[in-house]
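**Student:** Before I ask anything, let me first share the structure, which is written out below as structure tokens.
The values are calculated or read from the model by the stated rules, or taken from the named source; none is laboratory data. Remember, it's a predicted structure, so these values are computed and weren't measured experimentally. Backbone-built Cβ (ideal geometry, glycine too); neighbour counts: all protein chains shown.
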């Protein structure tokens, strides 16, 4: 999405240790929240650092973004 608008927050999730995306569908119970950010000003790209310390092997990263305008 190249629209230039702010974000109320970003939430970054990583699949739990042992989850295998090759054989399982991802559900919310398979995810661990690793980062929730604060607000972002109006801009085209959002950047945040995320620590995956303690995770090994293959994982899926899911980002949820809350736009800061009423129709989102």
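**Student:** Output the residues belonging to the range 33-42 that are surrounded by 14 or more Cβ atoms within 10 Å (Cβ to Cβ) and either touching a residue at least 60 places away in the same chain (Cβ under 8 Å) or part of a strand (DSSP E or B) (or both).
**Tutor:** Keep residues of the range 33-42 that are surrounded by 14 or more Cβ atoms within 10 Å (Cβ to Cβ), which gives 34-35, 37, 40.
Selection gives 34, 35, 40.
**Student:** Still on this structure, please answer the following. In this structure, is residue 47 surrounded by 14 or more Cβ atoms within 10 Å (Cβ to Cβ) and either part of a strand (DSSP E or B) or modelled with pLDDT under 90 (or both)?
**Tutor:** Details: surrounded by 14 or more Cβ atoms within 10 Å (Cβ to Cβ): no; either part of a strand (DSSP E or B) or modelled with pLDDT under 90 (or both): yes.
Against the criterion (surrounded by 14 or more Cβ atoms within 10 Å (Cβ to Cβ) and either part of a strand (DSSP E or B) or modelled with pLDDT under 90 (or both)), residue 47 does not qualify.
**Student:** I need the full set of residues from the range 58-72 which are under 21 Å from residue 14 (Cα atoms), modelled with pLDDT under 90 and in a loop (DSSP other than H, G, I, E, B), in order please.
**Tutor:** The one that is under 21 Å from residue 14 (Cα atoms), modelled with pLDDT under 90 and in a loop (DSSP other than H, G, I, E, B): 58.
**Student:** Are there any pairs with C-beta distances below 6 angstrom linking a residue in the range 43-65 that is under 16 Å from residue 6 (Cα atoms) to a residue that is in a loop (DSSP other than H, G, I, E, B), with the two at least 6 apart or on different chains, and if so which?
**Tutor:** Taking only residues 6 or more apart or on different chains, the pairs are 44/2; 44/4; 48/37.
**Student:** So, in the range 10-28, how many residues would count as being loosely packed, with under 14 Cβ neighbours inside 10 Å and within 15 Å of the chain's Cα centre (by Cα)?
**Tutor:** Number of matching residues: 4.
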